[in-house]
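Structure first, then comments.
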Amino acid sequence: MTSTTDNLVRMANQIAANLQHEPDVPKAVAEHIRLFWDPRMRQLILAPDVSGVSPDVASALDQLRDAS
Amino acid sequence: MTYQPQSDFGTPAATSDAQITLTIDGRTVTVPAGTSVMRAAAEQGTSIPKLCATDSLSAFGSCRLCLVEIDGRRGTPASCTTPVEPGMVVHTQTPRLQKLRKGVMELYISDHPLDCLTCGANGDCELQDQAGAVGLRDVRYQPVETHLGQAKDQSNPYFDFDPSKCIVCSRCVRACDEVQGTLALTVQGRGFGSKISAGIASDNFLGSECVSCGACVQACPTATLIEKKVVEIGTPERAVVTTCAYCGVGCTFRAEMRGEQLVRMVPWKEGKANRGHSCVKGRFAWGYAQHQERILKPMIRRSIQDPWQEVSWDDALAYAASELKRISATYGKQALGGITSSRCTNEETFLVQKLVRAGFGNNNVDTCARVCHSPTGYGLKTTFGTSAGTQDFDSVEDSDVILVIGANPTDGHPVFASRMKRRLRKGAKLIVIDPRRTDLVRSPHIEAQHHLALQPGTNVAVLTAMAHTIVTEGLVNEAFVKERCDWDEYQDWASFVSEDRNSPEALEPVTKVPAADLRAAARLYATGGNGAIYYGLGVTEHSQGSSTVMAIANLAMATGNIGRRGVGVNPLRGQNNVQGACDMGSFPHELAGYRHISDAATRALFEREWGVQLESEPGLRIPNMLDAATDGVFKAIYIQGEDILQSDPNTHHVAAGLEAMECVIVHDLFLNETANYAHIFLPGSTFLEKNGTFTNAERRIQPVRKVMTPLNGYEDWEVTQKLAQALGLDWNYAHPSEIMDEIARLTPSFAGVSFDRLDQEGSLQWPVNESAPDGSPIMHVDGFVRGKGKFVVTDYVPTDERTGPRYPLLLTTGRILSQYNVGAQTRRTDNVVWHEEDLLEIHPVDAENRGIKSGDWVRLASRAGETTLRATVTERVAPGVVYTTFHHPLTQANVVTTDYSDWATNCPEYKVTAVQISPSNGPTEWQESYAKLQNNARRIAKAEAAE
């Protein structure tokens, strides 16, 4: 992973940590990423070799993959 | 307009609804009860002679010049201190009054230097005017003992104090007290020995507590306090009302001119944001506009190693366009982007984002609000439905409890701070939540009831603990919540904040705020009457900046402190047009009016107007652009009016990003730090050289008027238009009013805004539309913009930035009164006498442990980088916390700050950096190499002689 991807993983985990009280955390994380991240950032974090994401982020990324 | 002094009614306007009718010089006049006879006379057009009275100050009654006769009353009362009464019959000009006034005036003049012809105030002197008004033709008294010949105090860089010309009317002392609230001036001595003094007798103006706001100079009726520029240039011959380009208060000024030369900036008494007041920056620090370092000709260079070459505008724009086209063709259109500036006008900002979206063909546009108030946009839109503060500045006059969190208004927003302090001196209670003991915590006649000196990074914990107190102690305004907010969401939130883990006691180890103090502050806010919250970058520039904004909104909703005067949630915006830059669609995910780019209906509106297809995906934010640049996929940027190298966090990363680009276009006044990495420099124009509008922190749209020809040849909107034309876009705006017309067509909250209406009204607060044709001073009056107010659960999530053995202290950064942002403007004025370098504030305990004394050079190191600067040992900061400013590029505080940012918006976490401090004996390696790079990057090759 590149340092940019490391940074994106950290950002995604941070988003999930701050949305823990949403009724559906992965959905809220996915929605936040969809609304505020540019397509390349999404593409980078959806790459198969990305590691270090929290379980909520992993589910969110699955939702984004399904929607794309 | 031709020069006319501002009207002066002698005493302040009364606000009573009751009306009183009286007769003055045979004419009847009706005025509000409480009006002085002097003001009533002025309102009917009769000017009663006066010296100690001016309508920005309470009546004083000392000069004895404004005497009148009133039927049925004995003597000759002073009209300034005599209130009107029904049926009163007043005579302002009688032989008796004439004789008395002439006698008084004769005494004044007998002790005044008669050097009118060579005096700096000749023609603009109230004493001179009044001598004429009372018909003084001769002075019978021979000078025996006088005040003449006293030494002038010329220590202040902007104004002189000549005690020989002083009539001790106390207007300056009262202005410092009533208008500014600093109380730096006093009358020293008694009787004949009375003398105006700044501070104690041994002080001069520069060494005193005077903050150089200029209120005393404005109030002075003689040449005793006079601007150095007036002495140097002469009195002005015309005046143009315009808006200050410094902070988000948005003071309006009369730019007083001789020809195209600015003589002075005088606060406009009719300005609704500043109500006739000013600070040292807006009033005096405009010399940068003519500074010798301004770049006035376009320049290009193929490589950042090369010296700059001056070229024509056509050549510079053609080169810029060809580079942008080349890069787009080579790397794809996503390799381009732009940054708008909160220092530029709404119209200029709108054009830059339009250039990126319609010209570059992507949404890679961002604004410097990214690094300051982007969490405000996110947080207030989520909770209330609008990305803006809820009040006007006048609202503070009705506040009973003022909660200031993460803001230092006496330094950052001084003119509003003066109004706030006025309200506090009248009895409003104050809560300050800040790691530092800011001046507001304790200043003359003001002392915060509660100063919660929290650990940096724990805002959310403190606010949640306050909410815990309010909910569990039954202090919620349930009627308001049930009527105005989503009840289910409220209950979820109330249940969350009520958990034991969110009590002040449970969170005290984290926040370092004594639980009892925190509970008392919460009770005061909830039960003390109208509660208003004011906040600044100490809220937003954190990893939980957006959460903190929402936690503030939660508190305001739970206590019913929204929707009327005296209450509300008020972000104090850093730069002059932060609000406007955000309104204009500068963020990569939304179009003007905060409508998401993915909304097809909104996009269609813009597509029809602009004749292009818009991308539906959000673009890159500033930090993402820099990441993409270091990854090799982002190659070109157009930056208008921003200096990201100095202002953005982690300087090494910013530099790496800029260096990786093939085309950096900087459009600015000076070769700033970002320009060290630029290939094209387009000279900018100052706010004095352009037309447009700024929108201040209270959503007030105000005109910026051109008072002189742009030294660089073009207003900034014209430069952006020329760049667009060079790229092939068919833009043909003839005036910024046409850009505003386009904004109004496309943006519902601006629908009723036009330059004509702004000229008529002076200013308008958005939304201005069919339902609010005259604007909206207070928001959410009958309901929230989003419908029901939304409570959001804001759990405290500690930042990833942690202290430890290597970096045991927490650094927080900020600004001071005399400097502004990266200092590009203020460093090029005489304001440097107050702040010639950035200093590190450190607590005595931490200093002693490290063997550091005030004035010592110290090394400030973090995980991101290190720099050196001098220390000042002070108890303003708590043990474990250090503080510095970021105004000077060779200190470059942002070498030390990190990439950590707000979870929702990527607003950098400037306020929390783990650092270590140690003694140092010289600059760091980085500082030395940066100084070389800076010198190298500013070389300008001499133009070849024409054949």
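Residue check: is B:GLU848 under 24 Å from B:SER920 (Cα atoms), assigned by TED's automatic domain parsing to the domain that holds B:ARG876 and either more than 29 Å from the chain's Cα centre (by Cα) or surrounded by 21 or more Cβ atoms within 10 Å (Cβ to Cβ) (or both)? Taking the combined requirement at face value, the residue satisfies it. Give me a count of the residues in region B:489-534 that are over 23 Å from A:HIS21 (Cβ atoms) and either outside any helix (DSSP H, G or I) or within 14 Å of chain A (Cβ to nearest Cβ) (or both). Adding up the residues that qualify gives 9. Filter region B:540-562 for residues that are of a type outside the set (A, V, I, L, M) and outside any loop (DSSP other than H, G, I, E, B); which is farthest from the other protein chains (Cβ to nearest Cβ)? Applying the filter and picking the extreme gives B:THR540. Looking only at residues of region B:917-934 that are crowded, with 20+ Cβ neighbours inside 10 Å and not hydrophobic (A, V, I, L, M, F, W, C), we find that the one that is farthest from A:ASN13 (Cα to Cα) is B:SER920. Within region B:615-630, being assigned to a helix (DSSP H, G or I) and within 9 Å of another protein chain (Cβ to nearest Cβ) holds for B:PRO623, B:ASN624, B:ASP627, B:ALA628, B:THR630. Condition check: in contact with a Lys or Arg (Cβ under 7 Å, 6 or more places away or on another chain), at negative phi and surrounded by fewer than 19 Cβ atoms within 10 Å (Cβ to Cβ). Does A:LEU46 satisfy that? So A:LEU46 fits the description; yes.
Among residues of region A:1-13 that are more than 7 Å from chain B (Cβ to nearest Cβ) and of a type in the set (S, T, N, Q), those with a Cβ under 9 angstrom from a residue that is buried (at least 18 other Cβ atoms within 10 Å of the Cβ) and in a helix (DSSP H, G or I), sequence gap 6+ or separate chain, pair up as A:SER3/B:ASP627; A:SER3/B:THR630; A:THR5/A:LEU44; A:THR5/A:ILE45; A:ASN13/A:ASP56; A:ASN13/A:VAL57. Could you list, in sequence order, all residues of region B:769-811 that are of a type in the set (Val, Ile, Thr) and either in contact with a Leu (Cβ under 8 Å, 6 or more places away or on another chain) or over 27 Å from B:ALA273 (Cα atoms) (or both)? B:VAL792, B:VAL793, B:THR794, B:VAL797, B:THR799, B:THR803, listed by residue number. Under the condition of being within 14 Å of another protein chain (Cβ to nearest Cβ) and over 15 Å from B:LEU809 (Cβ atoms), which residue from region B:869-905 is surrounded by the fewest Cβ atoms within 10 Å (Cβ to Cβ)? By that ranking, first place goes to B:ASP899. Restricting B:ARG258, B:ARG275, B:ARG238 to residues that are under 18 Å from the mean Cα position of the chain (by Cα), surrounded by fewer than 23 Cβ atoms within 10 Å (Cβ to Cβ) and touching a residue at least 12 places away in the same chain (Cβ under 8 Å) narrows the list to B:ARG275. Meeting the requirement of 3 or more residues that are without any contact (Cβ under 8 Å) to a residue 40 or more places away in the chain, in contact with a Ser or Thr (Cβ under 6 Å, 6 or more places away or on another chain) and assigned by TED's automatic domain parsing to the domain that holds B:CYS279, the strands (runs of 3 or more DSSP E) wholly within region B:149-203 are B:185-188. If the condition is being among the hydrophobic types (A, V, I, L, M, F, W, C) and surrounded by 19 or more Cβ atoms within 10 Å (Cβ to Cβ), then region B:732-743 contributes B:ILE739, B:MET740, B:ILE743.
Being under 26 Å from the mean Cα position of the chain (by Cα) and of a type in the set (Lys, Arg) is true of B:ARG757.
Condition first: surrounded by fewer than 19 Cβ atoms within 10 Å (Cβ to Cβ) and more than 24 Å from B:GLU293 (Cβ to Cβ). Now tell me which residues in region B:711-725 satisfy that. If the condition is that a residue be surrounded by fewer than 19 Cβ atoms within 10 Å (Cβ to Cβ) and more than 24 Å from B:GLU293 (Cβ to Cβ), then B:GLN725 is the only one that fits. Against the numbered list (1) within 14 Å of chain A (Cβ to nearest Cβ); (2) touching a Leu at 6+ places or on another chain (Cβ under 6 Å), B:GLU590 comes up short only at (2). One residue alone among B:GLU866, B:GLU841 is surrounded by 20 or more Cβ atoms within 10 Å (Cβ to Cβ), outside the structural domain of B:GLN646 (by TED's automatic domain parsing) and of a type in the set (Asp, Glu), and that residue is B:GLU841.
When the criteria are applied in full, B:VAL371 meets the requirement of being β-branched (Val, Ile, Thr), touching an Asp or Glu at 6+ places or on another chain (Cβ under 9 Å) and either outside the structural domain of B:ASP716 (by TED's automatic domain parsing) or modelled with pLDDT under 95 (or both). When region A:14-27 is filtered for residues that are within 11 Å of chain B (Cβ to nearest Cβ) and either buried (at least 18 other Cβ atoms within 10 Å of the Cβ) or β-branched (Val, Ile, Thr) (or both), the ones remaining, listed by number, are A:GLN14, A:ILE15, A:ALA16, A:ALA17, A:ASN18, A:LEU19. Residues that are under 21 Å from B:SER647 (Cβ atoms) and part of a helix (DSSP H, G or I) were ranked within region B:906-934; the one that is nearest to the other protein chains (Cβ to nearest Cβ) is B:TRP926. Out of the residues in region B:632-654 meeting the condition of being modelled with pLDDT of 95 or more and surrounded by fewer than 20 Cβ atoms within 10 Å (Cβ to Cβ), tell me which one is farthest from the other protein chains (Cβ to nearest Cβ). Ranking the qualifying residues of region B:632-654, first place goes to B:GLY632.
Residues are listed down the side, and each one gets a yes or a no for (1) assigned to a helix (DSSP H, G or I); (2) free of Cβ contacts under 8 Å to residues at least 40 places away in the same chain; (3) more than 14 Å from every other protein chain (Cβ to nearest Cβ):
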| residue | (1), (2), (3) |
| --- | --- |
| B:ASN570 | no, no, yes |
| B:GLN579 | yes, no, yes |
| B:SER586 | no, no, yes |
| B:SER598 | no, yes, no |
| B:LEU605 | yes, no, yes |
| B:ARG608 | yes, yes, yes |
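Residue under question is B:VAL217, and the condition is that it be surrounded by fewer than 24 Cβ atoms within 10 Å (Cβ to Cβ), more than 22 Å from B:LEU440 (Cβ to Cβ) and in contact (Cβ under 8 Å) with a residue 12 or more places away in the chain; does it hold? So B:VAL217 fails the test. Picking from residues in region B:443-469 that are among the aliphatic types (A, V, I, L, M), part of a loop (DSSP other than H, G, I, E, B) and touching a residue at least 24 places away in the same chain (Cβ under 8 Å), the one that is farthest from B:LYS421 (Cα to Cα) is B:LEU454.
Go through the residues of region B:660-677 one by one and say whether even a single one is within 14 Å of chain A (Cβ to nearest Cβ), surrounded by fewer than 24 Cβ atoms within 10 Å (Cβ to Cβ) and farther than 30 Å from B:GLU256 by Cβ. Yes, because at least one residue in region B:660-677 is within 14 Å of chain A (Cβ to nearest Cβ), surrounded by fewer than 24 Cβ atoms within 10 Å (Cβ to Cβ) and farther than 30 Å from B:GLU256 by Cβ.
The values are calculated or read from the model by the stated rules, or taken from the named source; none is laboratory data. In this text the structure is predicted, and so the values were computed from the model without any measurement. Cβ sites come from the backbone with ideal geometry, for glycine too, and all protein chains shown count toward neighbours.
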